[in-house]
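First comes the structure, then the notes that go with it.
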Amino acid sequence: MRVARRSFIASTLASLAAPAVMRLARADVPPITLKLHHAFSAVSSVHEKFLAPWARKVETEASGRIRIDVFPSMELGGAPAQLFDQARDGDADIVWTAPGLTPGRFAKIETFELPFLPSRRALVSSRALQDFAAIYLKEEFGEVHPLCFSCSDPGVIHGYTPVRSIEDIKDLKLHVQTRLGGEAMRALGARPVPMPSEELPTALTERVIDGCVDPWHMVPPFRLNDLLKTHTEFAELSLSSRTYVLAMNKPAYERLPRDLKTVLDNNSDAPAAGMAGTMWDLQAHAVAENVAESGDVIVTLLPEAVAHWRRATEPVVAAWQKDMKEAKVDGGKIIATAHALLAKYAILPEPQPPQVAPPQQEAVTHPQPPRSAGVTTTIPNTANSPAPSPVVKPAPLPAPQTATQTPAPTSSSIAKPAPAVTVARPAIKPIHPPSAHVAVPASPPAPAAPVTQPAIHPAPVVSTAPTVKPVSPPAPAPAPPPKTLNIPL
């Protein structure tokens, strides 16, 4: 009996100590290291606002048992077009790449690169593409373990002169990112010039090309707006977009313990696609606002005009459907599914950027003299005719004021579908009077009119007087506010 009792106590103590021993043993095991490779720079939004935060999130939820080393700018070698094969072959564990870098290899995902099919909002397109992938792309990407898919912000026509109609684009030599983007340019009468993005600055400086059809996120790294001072956007739809995939090596995924696979799965698919889409949209909005602040002209074509451009590119869609039919794929059904998914996610709210601007930026920006705001033009109809004059409508009058009020800071705006996205930006010194008609978003208040006194103190005047009717003789009548452009997108 004594022996049996001793054996029972020993086995009980061993079972109680086992979890602690396993935890200690697990703590001694080094984390599983994964290499994430991509072609964007270390200061790009793709790296700083998506891939690096995504990797840190996975590491945190894995309690340090996974380590993801991110290698930007092709630091592990090779060319951007080889990234997919690097993930397939295990030269990298995870890659972020554009399938369109190898034209014709991934035919079904090109659905979201057809002209005027994706939404102008990358978040909407990315979520729709992720659902689309679950239906149609399993075989096409069967050589890897896809973590998420995404669609970039839409292509914008950047040029030396404004493009307000199809006639304005005829015979222009324009850089394009994708195969179908080039076909769309041919259908519109332009001359597509595909080239690596790194060659864009030189090609523009030497006037090898007349402009480019590239998303807003490419403007800062290649300083496109240093030479190209006019930009044409399209309301609601995207003339040209590029698809991306975050792909993982299959054996690397299968080697993970089950609980670590769960961590990766929880940070894949819809959550990761939404994170990428939000990054694209916030970056595009911020870049467009900065470009307008520098005095560039931004033209936004309204839906009526976009419909005319869309009809002109219908042969591109028809040719793609014919190619799909030869591959025994129903292209029409695929397009219908894409439209349905885009409509499903069109109700997603606009991403909101951080609302607090860094104090050091405010200190630098506030003393600067006001700059001329970029003129934003809307084109209601451009069917092979000169652009009509922009519709001008008075802004709503401010509420009656009871005391002297300094003009509220104003920022140049890009023509965006309402509701406009509010971007946290440093305070800007008010303009007295504005140098051009400026389109102001619906959300910020209209600037209050300056009083007609000969001098205005720079510091804001706060009134402590009781409420006085606006018609009282001592109160000066407010001057009419500056005109604004009505931008119904």
* What's the center-to-center distance, using Cα atoms, between the stretch 45-63 and the stretch 134-156 in Å? -> 19 Å
* How high is the FRET efficiency between residue 89 and residue 208 when r is their beta carbon distance and R₀ equals 35 Å, given to the nearest 0.05? -> 0.45
* Simple label model, 7 Å out from Cα along Cβ direction - residue 56 to residue 71, nm -> 2.2 nm
* Each label point is 7 Å from the Cα along the Cα-to-Cβ direction; what then is the distance between the points at residue 327 and residue 226, in nm? -> 3.9 nm
* Structure fact -> Where a ≥ b ≥ c are root eigenvalues of the Cα gyration tensor, a/c under 1.5 meaning rounded, otherwise prolate if a/b exceeds b/c and oblate otherwise, the stretch 194-340 counts as oblate
* Rank-order 108-117, 61-70, 140-149 by packing density, defined as the average count of other C-beta atoms within 10 Å over each peptide's residues, highest first. => 108-117, 140-149, 61-70
* Structure fact -> Among 108/170; 35/344; 138/333, the pairs whose Cα-Cα distance exceeds 25 Å are 108/170; 35/344
* Asked: What's log10 of I(q)/I(0) for the stretch 47-164 at q = 0.19, 0.21 Å⁻¹, Debye sum over Cα points only, no solvent?
  -> -1.23, -1.38
* Whole-angstrom gap from the stretch 214-259 to the stretch 163-194, using each part's C-alpha centre -> 20 Å
* Structure fact -> Simple spin-label estimate for residue 199/residue 336, 7 Å along Cα→Cβ, in nm, reads 4.2 nm
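Each value in this text was obtained by applying a stated rule to the coordinates, not by laboratory testing. Fair warning: this is a prediction, and the values are worked out from it, not measured in the lab. A quick note on method: Cβ atoms are made from the backbone with ideal geometry, for glycine too, and the neighbour counts reach across all protein chains shown.
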